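Here's the structure, in structure tokens; my notes come after.
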Amino acid sequence: MKKTTRPNVLWVSFEDCSPRFGCYGDPVARTPNLDRLASEGGLWTKAFTTAPVCAPSRSAVITGMHPVTLGTHHMRTNSGPHHGGKGVPRYEAVVPHYVRCFPEYLRAAGYFCTNRSKTDYQFIPPITAWDLPGGHWRDRPDPDQPFFSVFNLDETHEMAGWEGSFFGDNDIRLDSIEVPPYFPDTPVVRESLARVYAAIEHCDRRLGDILAELDEDGLADSTAVFVWTDHGPLPRGKRWPYDSGIHSPLIVRWPEMIEPGTINDELVSTMDLGPTVLSICGTEVPRHLHGRPFVGPDAHGGRDYVFISRDRYDEMYDTVRASRDQRFKYIRHYDPARPYMMWNSFRNNHPIMQEMWRLYAAGELEGPPAQTMADKRPAEELYDTEADPHEIHNLAGDPAHREILERHRNALEQWQHEVGDLGMMPEEMMVAQMWPGGVQPTTDAPKFIVVGAEHHGTEASPEGGTFKGPAILQMQSSTQGASIAYTFEDDPLPDPPADLDAQFAAALGHNPRGGEPPRRLLYHEPLRLPVGETTIRAVAHRIGYRRSPESVATFIVE
């Protein structure tokens, strides 16, 4: 097949969604658009997330790095376990200074990047991450400019299975649903699962609408389309490293590059999504990323292992690590004396969880459902996911599997050493390093430096000035790891809200000020100033830091 140069890329994420699709062999699901997309491209059977919960998983997707390396592994950073009291404060994760949201690399390469609209990365995305945070590929100023557009379909979120959800009135036949063996088979459980299927069908229709827009614009043949999720939706899935929590649907249609109807059984991490996009778009993949391309000329050919982390989720601290190869899953509990189901306020809203607590209190649970509610756990779990896809029969104590157990132990410990697992550090100590004294650091404002025949760039020009041309403008922030955004428009950028909650709300698409912020260009190379007068506004932003004040200067080139 011939190589496509600089394809457009479309991502559609189904939030909190296991692969309960027709194309994955689920007889209940009515997913014609997903099924058609898979038939026109490739379907991956063994794609897994880095964490079984939203924000840590998404932080890995947007950076191509493990959450435990970034310090984004606790869910959530903006609502600590001691909210309103002493202990860990609300914070943004300050990631290593060399880490970027990968769309910055695409923007520097000439791509128009949009995200409609969820971010949820454990940090507020810098203003440099997207051209338009809530935009559409149709918003690009040049119709010939290649694009990377993300659409997040959130109706499949965990709450879709709750009583009173939008999907309570549906025509899913309850007797057609296969109830996983770790749930009690009751009407409450079946009704919740039916709502999950209805939400998937709804989002399948939304996917169809997006693909129709692509067809209308004549872009289907030049666009690589990816469908994926951040984790699974159900108890014992979401927040847990079992396959029900980390198995992601992954479908890619890339005309002329992926044979229609391809089924791929290679082991893939959703952390590989960003590096894959960089690679197929002709942008060099930075070597510090943990993710590697799984499609295209640089495809890694399948991983030996994927690694998964579970840490603080809302009020609940629980350090668990897991590794999975093509067949076996290894889970290590760092505090096995704790019950499986510690208190989690949000999770306990789920009707399946409430049903299990009701039956547990009445002494009516037995078998795998009772095991799920056990008051302590083994230090290690090992499962043969081919023979035991629901991960019920723990083989960690089986002498016949001793060699496999040792191999996974060693692989997990080597991975933790290589990535610098910050989950081994108390969160309070980690945050003290990120926000010294509990105060969020602020990015230093950009400096303007003019270089030309008569100006050698030995001093900054904070207010601009008059210069003999030709003249080149450089911008630089003194904060290590800061990115810079700028505009020539006379449109000041409002300061971010002082309250961290409001900042996160704005980043999640709930901007109390209303409207989109003024668009800013990404500074990635010196600018040639035109003859005449030019006013430039610029801000700098390092991930986890407060955005800098705006620098404004006017330059006159004679």
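What to note about this one:
- The set of residues in the stretch 21-57 that are of a type in the set (Phe, Trp, Tyr) and within 22 Å of the chain's Cα centre (by Cα) comprises Phe21, Trp44, Phe48.
- Failed condition for Ala482, given (1) exposed (fewer than 14 other Cβ atoms within 10 Å of the Cβ); (2) within 30 Å of Arg312 (Cβ to Cβ); (3) among the hydrophobic types (A, V, I, L, M, F, W, C): (1)
- Scanning the stretch 184-226 for residues that are in a strand (DSSP E or B) and either farther than 19 Å from Trp11 by Cβ or aliphatic (A, V, I, L, M) (or both) turns up Ala224, Val225.
- If you go through the stretch 173-220 and keep only what is surrounded by 21 or more Cβ atoms within 10 Å (Cβ to Cβ), closer than 22 Å to Leu37 by Cβ and either of a type outside the set (D, E, K, R) or in the same structural domain as Asp388 (by TED's automatic domain parsing) (or both), you end up with Val196, Tyr197, Ala198, Ala199, Ile200, Cys203, Leu207.
- There is at least one residue in the stretch 488-502 that is of a type in the set (Gly, Ala, Ser), surrounded by fewer than 19 Cβ atoms within 10 Å (Cβ to Cβ) and in the same structural domain as Tyr523 (by TED's automatic domain parsing).
- Screening Arg253 on (1) under 24 Å from the mean Cα position of the chain (by Cα); (2) within 30 Å of His74 (Cβ to Cβ) shows it passes everything except condition (2).
- Any chance Pro339 is assigned to a loop (DSSP other than H, G, I, E, B) and more than 30 Å from Ala160 (Cβ to Cβ): no
- Qualifying residues in the stretch 398-422 (those that are touching a strand residue (DSSP E or B) at 6+ places or on another chain (Cβ under 6 Å) and under 22 Å from Asp311 (Cβ atoms)) - the one surrounded by the fewest Cβ atoms within 10 Å (Cβ to Cβ): Ala411
- So Arg310, is it crowded, with 22+ Cβ neighbours inside 10 Å and modelled with pLDDT of 95 or more: yes
- Residues that are at pLDDT 85 or above and of a type outside the set (A, V, I, L, M, F, W, C) number at least 3 in the following strands (runs of 3 or more DSSP E) confined to the stretch 419-536: 464-467, 483-487.
The values are calculated or read from the model by the stated rules, or taken from the named source; none is laboratory data. Values in this document were obtained by computation on a predicted structure and should not be read as measured data. Reconstructed Cβ throughout: ideal geometry from the backbone, glycine too, with neighbour counts over all protein chains shown.
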